[in-house]
Amino acid sequence: MEASFAELDALVALITSAVQDVKAEYRRLQYEFPSLDDTKPHPLDMEHTPPKLKRAVQSIHGACAHLSTLVTTPAHTLALRGGDELYKSGIYLSDTLSDAVTGPSLDPSLTSFAAYYKAPLWQFWIENPHSFERFRFSMTGYAWLENMYSVEKGAVPHSLTPCVCTLVNDIGGGLGHMTMHIAKLHPNINVIIQDIEEAVNQAIGYWNGFGPELVANERVDFLPFNFLQEAPVEGCDFYYDCGYEQKANDALCGQIKHILHNWTDDAANIILTNVRKAMKPSARVIIQGYIIQSASEEGMEDDSDLMPRAPKPLLPNYGEGHVIRYYMDIVMMELLNSQQRTLVEYKRLGESAGLEFVKAYDCGELSALEFKLP
Ligand SMILES: C[S@@+](CC[C@H](N)C(=O)[O-])C[C@H]1O[C@@H](n2cnc3c(N)ncnc32)[C@H](O)[C@@H]1O
């Protein structure tokens, strides 16, 4: 079927014609046209906007929003529109940050979420199982926003040898939707879901509902654990083939998706150190998450191979085009006093836990960072 680009073309035509109107109005008014770098007030900020200019600006706003919606996934558009707990507690962010005690604190119990709900996030979820379950299911929807099929490329970064069984440990896996997706696509990959007990119990129900054949064929195991206090499972029977010609029983791959952004550097170090303790020499850890890039030329890091710079006049990090990861940076601060990280910060975190950075993979919205034992 031939694609119809009628709406796309109509929106672009509308923007082009509205831009001509804007230019004509500025010429008529004999005003300088502002630049993206301007910090000074413009005369039009304080004046009645002529109707033709107003209509043109409204058209550009509306058409650009429609254009964005048209070319991105519905999940992407929805994620920018709303939410429940995190949006409600966000109203406390300014108070929390301006307070002398909570402002500079990295304590996960001194957040704007805790101020609103009178409990830190993890405790709130244990006390409100319905919210906790809804959050877990929202993570499965969120995977669509992140382009699940690209995320899978990061979780399975190496050529797979079908004769060798692979065990992926989904650390803090929640429902394990991502590893279920991977196990369905790759018959030689088996999965362990490790998370806190409440999460693991929900994961069992999820796999029985959506992947009963994987449960029946014993391709998944569920083991509760606390990654701040203990190492994940070691000495597995099935191992990850990383394409390094390793023997069948000397590799375990740990996948850690959207975990470290929940924790400060100190706590993330404990989690990774616990993972390292479980690793055999050829094991790999795959950390999946958002990578933060500088919005200005200054402070740019050595990450351009992973994430090419945007052409000017866009900001080097694509600005609004990559805005979700920056929203999620603020959201992590609001919920847990934690943060998204840059590539350099992730490498540093791995090193501090005794892991060596191997490679970064572009997985759509997310990146996957591969670490090994030195
Ligand atoms: C943001 S969710 C990510 C879930 C999943 N990896 C995903 O991408 O959908 C964070 C997960 O960390 C788990 N978690 C939090 N504290 C934990 C702990 N101390 N030990 C093990 N898992 C924990 C939560 O239960 C939750 O499933």
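The values are calculated or read from the model by the stated rules, or taken from the named source; none is laboratory data. A quick note: this is a predicted structure, and the numbers were derived from the prediction, not measured. Note that we place each Cβ from the backbone using ideal geometry, even for glycine, and neighbour counts take in every protein chain shown.
Every residue, every condition in (1) more than 15 Å from the ligand (Cβ to nearest atom); (2) at pLDDT 95 or above, yes or no:
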| position | (1), (2) |
| --- | --- |
| ALA216 | yes, yes |
| GLY235 | yes, no |
| TYR239 | yes, no |
| CYS253 | no, no |
| LYS257 | no, no |
| ALA283 | yes, no |
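So which residues in region 327-362 are in a strand (DSSP E or B) and surrounded by fewer than 22 Cβ atoms within 10 Å (Cβ to Cβ)?
Answer for region 327-362, where residues must be in a strand (DSSP E or B) and surrounded by fewer than 22 Cβ atoms within 10 Å (Cβ to Cβ): GLU356, PHE357, VAL358, LYS359, ALA360, TYR361, ASP362.
Listed residues THR102, THR39, THR96, THR49; which is part of a loop (DSSP other than H, G, I, E, B), over 23 Å from the mean Cα position of the chain (by Cα) and surrounded by 15 or more Cβ atoms within 10 Å (Cβ to Cβ)?
THR102
Quick one: which residue in ASP302, ASP265 is modelled with pLDDT of 75 or more and either more than 16 Å from the ligand (Cβ to nearest atom) or within 19 Å of VAL344 (Cα to Cα) (or both)? Show your work before the answer.
On the way: ASP302 fails: modelled with pLDDT of 75 or more.
Just one listed residue meets the conditions, ASP265.
Would you pick out the residues in region 112-161 that are assigned to a loop (DSSP other than H, G, I, E, B), away from the ligand (no atom under 15 Å from the Cβ) and modelled with pLDDT of 90 or more? Write out each step before concluding.
Looking only at region 112-161, we keep the residues that are assigned to a loop (DSSP other than H, G, I, E, B), and these are 118-120, 128, 146-147, 156-161.
Those still in the list that are away from the ligand (no atom under 15 Å from the Cβ) too: 118, 156-161.
Within region 112-161, LYS118 is the sole residue that qualifies.
Among the residues of region 54-81, write down those that are farther than 18 Å from GLY321 by Cα and without any contact (Cβ under 8 Å) to a residue 24 or more places away in the chain.
Within region 54-81, the subset farther than 18 Å from GLY321 by Cα is 54-59.
Result: LYS54, GLN58.
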